[in-house]
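The values are calculated or read from the model by the stated rules, or taken from the named source; none is laboratory data. Model, not experiment: these values are computed from the prediction. Because the Cβ atoms are built from the backbone with ideal geometry, glycine has one as well, and the counts that use them run over all protein chains shown. The area values use the complete protein model at the heavy-atom level, side chains included, leaving out ligands, DNA and RNA. Shrake-Rupley method; radii C 1.70, N 1.55, O 1.52, S 1.80 Å.
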Amino acid sequence: MHSLKRSYGSTRRAGASGVGAQWEADHDPRRTRNVGIIAHIDAGKTTTTERMLYYSGGTDIMGEVHDGDTVMDYMSLERERGITITSASTTFHWKGHRVNLIDTPGHVDFTVEVERALSVLDGAVTILDASAGVEAQTLTVWSQAHRYAIPRIVYLNKMDKNSAVFEDCIHSIERKLCAKPLPIHVPLGTGKAFNGVIDLVSMERHVWPRDDSDGKEFITTPLTSSDDMFTKAQNLREELIGSISDLDDKLSEEILSASTVADISVQSVQNAVRRVTIRQLGFPVLCGSSYKNTGVQLLLDSICRYFPSPLEKVRQIQALYSGQLCAFAFKIIFDKRLGCVTFVRLYSGDLKAGQSMFNINRDKSEKIHKLFVAFADDFREVSRVSAGNIAVVTGLSHTITGDTLVTSQSVANDAKRMFEQKRTDIEPVFGGLSVPEPVFYCSIESPSLSKLKDLELALAHLQREDPSFKVLSDKESGQTVIKGMGELHIEVQAWGSPQYSPLLATETPRDTGLKKWLTSELVRVVVTKDNDLGKLRADHLKAIEAGVQNGLDFGPILSFPVMDVAVDLLWFETTSRTTIPMIISTVNQCVTNCLKKASPQLLEPYMSLEITTPEQYIGAIISDLSVRRSQIGDMSSKGDLQVVNAVTPLSDLINYSTFVRTLTSGTASFSMHFESYRHMSDADQHKAIQRTSDKPLMNSTKPLSLLDISFRAVFNVCSKCDAKRRLFEWQKYWQMISELPATLKARLVGDLSKRQLLSDENIPYLITNELIVLNLNDCLKSDFTVNLIRRHCHRLKYLDLGARISNYNMVSAPALTPLFTVCSGLEELRLSNCIEVNDSVVDSITQNCPHLQVLQLCGCSITDRAVKLIADNCPHLRSLDMSRTPISDDGLCYFASGVCSKNIRELLVNECSYVTVTSVQQLVNCCPKLDIFCFNGTRATMESFYEVITRPLNIRFEV
């Protein structure tokens with residue numbers, strides 16, 4: 001037996017010019033791979049990509065998502081939130097192959113980014129979290145890849161998690177994706193002991209060191225008969241070859257001619273896997289842990305070995321252009337330095353700087369100014385790019401996403417003529433992208449008239465960049481309305497743009513079916529013998545109608561438009577000096593005064609909702625809709641899913657897209673459209689008027705929360721400060737606070753948190769590494785605050801990010817998950833009503849906070865899996881609150897047998913509708929120190945509990 005120590009090092013690339021000079025325009029297309037990374041959010045896409053770049057020599061430092069220094073997530077918002085927002089392209093070399101890689105987002109709001117990336121790829125790596133298996137967005141991206149007929153490799157990431165189960169993931173792929181998995185790896189070790197894999201194709205053991213090395217070096221050892229894993233690996237290899245032979249006739253013939261399956265050569269199996277993968281009959285499954293630097297090199301080997309080259313993945317349209325230029329524009333961005341930048345995939349022909357092209361979709365000629373190759377946000381200029389590669393060009397003024405670019409107009413006309421004369425069934429252009437309809441609307445306005453043109457230009461650029469981003473003008477309100485795929489999508493698009501605000505009564509589609517005011521029907525002229533309206537001049541009538549229109553467009557309540565009003569003209573008199581503007585103004589005032597006396601009532605828009613959810617969440621969905629003033633309609637079944645129809649006020653649907661995904665662990669989806677305007681109750685109308693009238697001044701230099709601060713108390717404790725007077729200057733107050741000693745700032749944090757005055761606006765000035773206790777309960781906070789805590793508060797023992805209502809919690813799961821890797825000394829953690837807290841967040845808590853004694857998760861989106869994680873990993877836990885969560889007897893019975901049960905003293909499961917007397921009884925019998933046990937609102941009543949209790953009670957029940 002011999003072993004081979006392999007090393008895949010990284011060498012620092014030269015500057016931009018150096019890399020550009022190394023670009024080989026004539027690189028063998030047979031050794032080119034166009035690959036994408038697709039997955040559910042937080043599966044490890046960007047982390048895997050960073051390792052690929054490091055091991056291939058693209059970078060000399062491995063970036064980390066939680067540190068905000070990754071190459072592919074280059075936007076400031078991506079680094080702040082810890083998620084991928086826009087797809088990023090890069091190029092690197094691996095063992096003689098050129099790999100053009102696109103890292104895509106995992107959030108459902110950015111599904112169009114995945115769509116346009118997949119439209120130009122020849123292969124896709126589908127990454128699964130090994131502890132979760134196939135998740136909601138995995139199904140979406142898998143179906144997108146299936147629609148484009150893209151070969152896929154499945155990579156089971158995070159195998160070092162205690163809850164990672166290789167076999168469960170394989171079953172999940174078969175059951176949920178309806179795909180044929182081909183497991184070519186077997187993991188070595190489970191949980192924290194995971195340190196390598198066995199390659200069933202080559203029968204080799206690959207082991208990575210358990211120290212904190214970068215994973216460049218690992219040991220490869222051939223499996224021999226004396227190895228303890230040999231027999232198991234041999235049997236699994238035979239099963240794998242049998243599965244492949246069912247899909248590949250050539251391998252079947254080799255098996256028939258061989259004496260035993262073990263005699264099939266490694267090369268034969270690899271060739272068979274490649275053929276099956278390219279035909280999408282089966283999908284190789286690999287495993288590893290990218291964050292622990294394990295298994296990524298083998299994934300790179302498989303990408304080069306099993307994915308097709310551009311010569312093998314040929315589109316039908318290429319036959320129309322006979323080797324001449326044929327390119328597809330799949331993405332557009334606006335760069336501050338370069339202007340409009342277009343990403344194109346070349347299917348045939350070469351592209352050169354300064355070359356002219358013809359856009360067949362727009363029927364326009366274009367000329368390239370400069371030609372680049374993308375390395376994330378670094379564009380490196382080259383002179384030529386050959387077919388099969390991805391290029392970046394500038395100078396295209398008419399091209400948009402989805403356009404086809406060819407050599408010249410004559411070539412385009414020849415292709416069109418062939419199609420029109422039915423000499424070919426191939427259309428001369430690439431198919432367009434599938435763009436879903438927007439579901440979230442907001443109004444946007446310029447902060448001043450001087451910035452209006454800049455806003456219009458920015459919105460035009462955003463629409464050209466993003467096909468799913470729409471802009472329209474609402475004629476009734478005069479507002480500019482932007483539409484997107486969700487709240488996060490809108491927030492990202494508005495980042496750096498003028499301030500926007502959610503609509504209250506004009507957030508409607510273009511065609512709402514509402515009555516449109518027509519000037520010819522607006523005013524009814526009532527002619528009597530007492531007036532001279534029969535002689536009313538046409539220009540005066542037109543002025544009257546204009547004044548009425550103005551009065552109705554800006555009503556007496558919040559200046560909202562008025563509906564269902566008829567205007568009768570009974571009397572009208574003018575003099576020779578009366579002008580048209582005077583008539584319009586007078587009529588406007590008259591209409592406004594009449595409306596004020598008529599006691600108008602505010603209307604609010606109602607939306608028609610259709611929610612598709614798995615059956616186990618139907619109760620939680622309906623319960624939440626009831627709280628949102630919804631009228632539940634009919635319910636129906638769609639396969640294994642339930643469809644709920646409801647009509648809900650739009651004002652109660654803010655944050656609903658995020659909430660419903662969190663509530664159902666990402667498995668539910670919904671669509672909505674405008675239904676009608678309906679009367680508001682007096683109480684709701686009063687709240688709406690107060691909420692709209694009392695908007696804070698976002699640009700004010702005086703923080704509003706300072707109004708309640710006792711300056712005398714601050715002055716007394718700042719006696720050693722030299723510049724005391726500056727404490728009383730509003731504009732410089734917080735800068736002065738940031739200069740205070742750490743102990744004083746800690747005291748100030750405590751005082752402000754008791755009064756709920758801490759927020760994103762002042763926390764940056766108060767945060768310090770000396771903090772032991774941080775209470776942000778009921779304080780307005782977001783991911784910005786969480787990231788500050790992660791960077792600066794490593795000594796925390798007590799942390800409260802909870803709130804009485806979920807509206808005060810705007811923190812997301814991607815921001816919370818890495819927080820606990822640095823705040824590992826926490827003893828008390830409170831996350832009440834953090835609806836984004838899910839099983840993945842709890843996994844991070846239990847893995848990184850071994851000293852946890854108090855944990856509050858009431859109102860969070862956890863399941864029985866989270867309960868099991870707590871039961872196995874929190875031996876010191878004394879108090880646990882899981883009220884108002886969808887946990888059931890399964891999780892609580894498991895909890896009763898876990899390490900927690902010996903020390904738990906306080907347990908709250910109030911309003912957990914799936915908890916019955918079975919789990920309550922088992923908890924009482926298995927938790928000897930339990931002193932406070934609350935199960936109010938569950939299926940376990942006190943009467944039924946006393947009937948089954950088997951031991952004397954020494955517990956104080958609070959029911």
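A compact table of results
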quantity	calculated
Scan of segment 58-94 for residues that are crowded, with 23+ Cβ neighbours inside 10 Å and among the basic types (Lys, Arg), ordered by number	81
Condition met for residue 429 (open to solvent by less than 60 Å² (accessible area, probe 1.4 Å), outside the structural domain of residue 361 (by the TED database) and modelled with pLDDT under 80)	yes
Residue list for segment 543-594, filter: within 30 Å of residue 691 (Cβ to Cβ), hydroxyl-bearing (Ser, Thr, Tyr) and in a helix (DSSP H, G or I)	592
Number of positions in segment 95-115 that are open to solvent by less than 10 Å² (accessible area, probe 1.4 Å) and either more than 21 Å from residue 71 (Cα to Cα) or outside any helix (DSSP H, G or I) (or both)	12
Hits in segment 678-689 (condition: open to solvent by less than 100 Å² (accessible area, probe 1.4 Å) and of a type outside the set (D, E, K, R))	680, 681, 683, 685, 688, 689
Pairs where the first residue, in segment 394-415, is of a type in the set (D, E, K, R) and the second is surrounded by 20 or more Cβ atoms within 10 Å (Cβ to Cβ) and assigned to a helix (DSSP H, G or I), C-beta under 9 Å, 6+ apart	414/320
Those residues of segment 932-956 which are surrounded by fewer than 16 Cβ atoms within 10 Å (Cβ to Cβ) and either at pLDDT 85 or above or part of a strand (DSSP E or B) (or both), in sequence order	932, 956
Cβ pairs under 9 Å, 6+ apart, first in segment 824-850 and assigned by the TED database to the domain that holds residue 812 and free of Cβ contacts under 8 Å to residues at least 24 places away in the same chain, second open to solvent by 10 Å² or more (accessible area, probe 1.4 Å) and not charged (D, E, K, R)	none
Residues satisfying the stated conditions in segment 28-71, i.e. more than 19 Å from residue 787 (Cβ to Cβ), more than 16 Å from the chain's Cα centre (by Cα), in a loop (DSSP other than H, G, I, E, B) and touching a residue at least 24 places away in the same chain (Cβ under 8 Å)	57, 58, 59, 60, 62, 71
Residue identified as farther than 29 Å from residue 103 by Cβ, open to solvent by 20 Å² or more (accessible area, probe 1.4 Å) and small (Gly, Ala, Ser) among 410, 397	410
Enumerated helices (runs of 4 or more DSSP H) restricted to segment 794-881, each holding at least 3 residues that are within 20 Å of residue 664 (Cβ to Cβ)	813-816, 839-848, 864-873
Residue among 483, 542 that is in contact with a Phe, Trp or Tyr (Cβ under 9 Å, 6 or more places away or on another chain) and modelled with pLDDT of 80 or more	483
Residue in segment 208-220 that is of a type in the set (D, E, K, R), under 18 Å from residue 284 (Cβ atoms) and assigned by the TED database to the domain that holds residue 61 present	no
Verdict on residue 256 being assigned to a helix (DSSP H, G or I), open to solvent by 20 Å² or more (accessible area, probe 1.4 Å) and at pLDDT below 90	yes
Options 671, 637, 657; residue that is modelled with pLDDT under 80, under 21 Å from residue 136 (Cα atoms) and surrounded by 19 or more Cβ atoms within 10 Å (Cβ to Cβ)	657
Selection count, segment 203-223, where residues are part of a strand (DSSP E or B), in contact (Cβ under 8 Å) with a residue 60 or more places away in the chain and hydrophobic (A, V, I, L, M, F, W, C)	2
Residue ID - least open to solvent (accessible area, probe 1.4 Å), chosen from residues in segment 413-426 that are touching a helix residue (DSSP H, G or I) at 6+ places or on another chain (Cβ under 6 Å) and in a loop (DSSP other than H, G, I, E, B)	424
Some residue of segment 779-796 being farther than 22 Å from residue 80 by Cα and assigned by the TED database to the domain that holds residue 864	no
Verdict on residue 861 being among the small types (Gly, Ala, Ser) and open to solvent by 20 Å² or more (accessible area, probe 1.4 Å)	no
Candidate set: segment 224-246, residues that are acidic (Asp, Glu), in a loop (DSSP other than H, G, I, E, B) and open to solvent by 90 Å² or more (accessible area, probe 1.4 Å); chosen: the one farthest from residue 264 (Cα to Cα)	228
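Listed here are the residues, each with its yes/no results for (1) surrounded by fewer than 20 Cβ atoms within 10 Å (Cβ to Cβ); (2) outside the structural domain of residue 216 (by the TED database); (3) within 22 Å of residue 278 (Cα to Cα).
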| position | (1), (2), (3) |
| --- | --- |
| 301 | yes, no, yes |
| 331 | no, yes, no |
| 355 | yes, yes, no |
| 363 | yes, yes, no |
| 366 | no, yes, no |
